[in-house]
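Here the structure comes first, spelled out in C-alpha cells, and everything after it is commentary.
The values are calculated or read from the model by the stated rules, or taken from the named source; none is laboratory data. Just so you know, these numbers come straight off a predicted model, no measurement behind them. Backbone-built Cβ (ideal geometry, glycine too); neighbour counts: all protein chains shown.
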Amino acid sequence: MIVLVTGGSGCGKSTWAERLIASMPEGQRVYIATMQVYDEESVRRVARHRAQRAHLGFATIECEKNLAAADIPQDSVVLLEDLVNLAANEMFSGGDVRRIVPALHDLAHRCRHLVMVTNDVFSDGGCYDESTQEYLRALAQINRSAAALADCVVEVVYSIPVSLKGALPCV
Amino acid sequence: MKLYIGGAYQGQLELARAENPDALILSDFHEAVQEAMLRGEDARAFAQSVCAAHPDAVIVANEVGAGVVPMEAQERAFREAVGRALCVIAQEARQVTRVVCGIGVRIK
C-alpha cells in the first residue's frame, strides 16, 4: 500500500503516519529522515520525532538529498518524512528537485508499503519572493505526483484523518 | 465539547452560534493559545485545562498551520502550538466541524 499523508503545521500527521505503519503487517521498518540538522530547533524536532517512534523499531536512514541513492532494503515498510524537507534540500542545498518524483516511483516499487508525509504550505495566500514561489510550485508538483502514485491520500486535521483519495486505512 | 475550525473568515463562529444557541462559545481560540504561549504555558497543557474547566463549551478557532513555514522562530512556534492545542481539543471533542465558505463539514 502506498499512502500520502498531508496536513498543516502541528496537526498530528507524523503521529498518525506512525500509527499507520504500526498497524501494517510485519516487515523491516525503515524511517527515511530528510531534515538537515543545523540549529537547536531542528535538534529538538529530531529528538521529539525519535522519541515518538522509538517503540516502532525503525531502522533510520538519513537522506537529505538524492533519494534514489538511499540504500532501502527490498520489501521493507518505509516511512518517508518528509517531502517538504527533501524538496527544500534539493532546491536550496545544491541538489536537483526534478529527481524526487522518479525516485518516489522507484521506492514505491521497491518496498512493500510506503507512507510519505508532506505538508500543506499552500493555503496562507501570502506573496513570496521568486525563489520561494519556485519552491512552492516544485513542491506542489511533487505532492500531486505523490498523490497520483498513492492508493490513499489522507489529510490529518488536528489529529483527525480525512480521506482525500481511497478508503481511509484503519489504524 | 465541540470544535469548529476553518480558515480566516470562513463563517465558523456564525455556524457554531447557529448550531449551538445555548452553549458557551469560546471563539478565537488560536489567539488564546498564542497568549498562553506568550505567558510561557505549554500549548497542550493549556488546551487540557480549558477542556477541564469548560467540558461543555464550543471552541471556535482559525486553522493557521497551512501556510509557508515562517522565517521567524516565534511565528513557527505559534503555528505549531495552535496545532498541538487543537489536536488535544479535537480528541476531547465529541464533534469536530470544519467550515469552508460557511459550509460545515463534519470530520468527527
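For first residues located in segment A:1-28 and within 9 Å of chain B (Cβ to nearest Cβ), partners that are of a type outside the set (Phe, Trp, Tyr) and part of a strand (DSSP E or B) and lie 6+ apart or on another chain with Cβ distances below 7 Å form the pairs A:Gly7/A:Glu155; A:Gly7/A:Val156; A:Gly7/A:Val157; A:Cys11/A:Val156; A:Cys11/A:Val157; A:Gly12/A:Val156. Among residues of segment B:47-90 being within 16 Å of the chain's Cα centre (by Cα), among the β-branched types (Val, Ile, Thr) and not in a strand (DSSP E or B), the one that is farthest from the other protein chains (Cβ to nearest Cβ) is B:Val50.
The residue of segment B:91-108 that is nearest to A:Arg45 (Cα to Cα), among those that are more than 8 Å from every other protein chain (Cβ to nearest Cβ) and among the hydrophobic types (A, V, I, L, M, F, W, C), is B:Ala93. As a summary of the residue check, A:Ile142 satisfies the conditions (1) outside any helix (DSSP H, G or I); (2) crowded, with 16+ Cβ neighbours inside 10 Å; (3) away from chain B (no Cβ under 13 Å) except for the one numbered (1).
Taking the conditions (1) more than 22 Å from A:Leu136 (Cα to Cα); (2) under 13 Å from the mean Cα position of the chain (by Cα) in turn, A:Asn85 satisfies each one other than (1). Checked against the criterion of being of a type in the set (Ser, Thr, Tyr), over 24 Å from B:Pro70 (Cα atoms) and out of contact with any helix residue (DSSP H, G or I) (no Cβ under 7 Å at 6 or more places or on another chain), the candidates A:Ser131, A:Ser76, A:Ser123, A:Ser93 yield just one match: A:Ser76. With respect to the conditions (1) touching a helix residue (DSSP H, G or I) at 6+ places or on another chain (Cβ under 9 Å); (2) within 13 Å of another protein chain (Cβ to nearest Cβ); (3) surrounded by fewer than 20 Cβ atoms within 10 Å (Cβ to Cβ), B:Gly7 falls short on a single one, namely (1). Would you confirm whether or not segment B:10-23 contains a residue that is away from chain A (no Cβ under 13 Å), surrounded by fewer than 17 Cβ atoms within 10 Å (Cβ to Cβ), hydrophobic (A, V, I, L, M, F, W, C) and outside any helix (DSSP H, G or I)? Within segment B:10-23, one or more residues are away from chain A (no Cβ under 13 Å), surrounded by fewer than 17 Cβ atoms within 10 Å (Cβ to Cβ), hydrophobic (A, V, I, L, M, F, W, C) and outside any helix (DSSP H, G or I).
For the condition closer than 24 Å to A:Thr15 by Cβ and modelled with pLDDT under 95, A:Asp129 does not qualify. Look through A:Val117, A:Val101, A:Val156 and report the one residue that is touching a Phe, Trp or Tyr at 6+ places or on another chain (Cβ under 6 Å) and closer than 25 Å to A:Ser76 by Cβ. Step by step, each of A:Val117, A:Val101, A:Val156 is checked, and only A:Val156 is touching a Phe, Trp or Tyr at 6+ places or on another chain (Cβ under 6 Å) and closer than 25 Å to A:Ser76 by Cβ.
Please specify each residue of segment A:95-134 satisfying the condition of being in a helix (DSSP H, G or I) and within 13 Å of another protein chain (Cβ to nearest Cβ). A:Ser131, A:Thr132, A:Gln133, A:Glu134 - these are the residues of segment A:95-134 that are in a helix (DSSP H, G or I) and within 13 Å of another protein chain (Cβ to nearest Cβ).
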